[in-house]
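In what follows, a structure is listed as structure tokens, so that the remarks can point back to it.
The values are calculated or read from the model by the stated rules, or taken from the named source; none is laboratory data. Here the structure is a predicted model, which is why all the values come from computation and not from measurement. Here the Cβ is made from the backbone with ideal geometry for all residues, glycine too, and neighbour counts use every protein chain on show.
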Amino acid sequence: MSEQTILHELALQEAVRRQIDAIVRAANAAACLLEGSNMEKSQIRNVLSVAEERCGVAVVTNFVRYQIGRSRTGQEWQHQGFGLRVVDDLEREDWVVDRATREAVAYARDLIAQRKGEADEAELERKAREQLVRYYLGYLHRAFYFGHETNDWRELQKAAEA
């Protein structure tokens, strides 16, 4: 691995890490929509598994839309607009993943420039977005697990607003 590649990877890791609090709060807020639903933990885990396959955002949101439309599981994904909220959080312009991606790319670009490197912004954006989507879904899974197991949705809502 070249020094330039290592620089890019380290800059991206640091830039993404700086966005995690916003991602966690958004995931907590989305999970709160599932209060009173019949959503099962495995259903959230399944969408996380799709994202962990290193698929693009479009593949993940396509899977969520499929879940929304399914007759057997669709009602859980439709509960209080949960599924569409997840889609918006992941792909809508100027929503959480989009904002976090732009901020991460800008930060990584600046770190790379400080080391006299050249940033491939398109590649930084692709990688940052994929990582942030996986983080969002992982934290969504954790938040839902907490709410589902403890039934303390109010605590989860407070964490979303913190």
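List of remarks:
Yes/no matrix, rows are residues, columns are (1) under 18 Å from the mean Cα position of the chain (by Cα); (2) closer than 13 Å to residue 12 by Cβ; (3) modelled with pLDDT of 95 or more:
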| residue | (1), (2), (3) |
| --- | --- |
| 121 | no, yes, no |
| 124 | yes, yes, no |
| 129 | yes, yes, yes |
| 137 | yes, no, yes |
| 145 | yes, no, yes |
| 150 | no, no, yes |
| 154 | no, no, yes |
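- Scope segment 26-42; condition modelled with pLDDT of 95 or more and either within 24 Å of residue 94 (Cα to Cα) or surrounded by 13 or more Cβ atoms within 10 Å (Cβ to Cβ) (or both); matching residues: 26, 27, 28, 29, 30, 31, 32, 33, 34, 35, 37, 39
- Checked against (1) among the hydrophobic types (A, V, I, L, M, F, W, C); (2) touching a residue at least 12 places away in the same chain (Cβ under 8 Å); (3) out of contact with any helix residue (DSSP H, G or I) (no Cβ under 6 Å at 6 or more places or on another chain), residue 113 meets all criteria but (2).
- Selection from segment 147-162 of residues that are within 13 Å of residue 33 (Cα to Cα) and in contact (Cβ under 8 Å) with a residue 40 or more places away in the chain: 147, 148, 153, 156, 157, 160
- Flag if residue 40 is more than 18 Å from residue 23 (Cβ to Cβ) and touching a residue at least 24 places away in the same chain (Cβ under 8 Å): yes
- Test: residue 46 is under 26 Å from residue 156 (Cβ atoms) and either touching a Pro at 6+ places or on another chain (Cβ under 6 Å) or not in a helix (DSSP H, G or I) (or both): no
- When each of 31, 22, 51, 27 is tested for being within 16 Å of residue 102 (Cα to Cα) and in a helix (DSSP H, G or I), the lone residue that passes is 22.
- In segment 88-106, residue nearest to residue 10 (Cα to Cα) [restricted to those that are hydrophobic (A, V, I, L, M, F, W, C) and surrounded by fewer than 19 Cβ atoms within 10 Å (Cβ to Cβ)]: 106
- Residue within segment 5-19 that is part of a helix (DSSP H, G or I) and under 14 Å from residue 140 (Cα atoms) present: no
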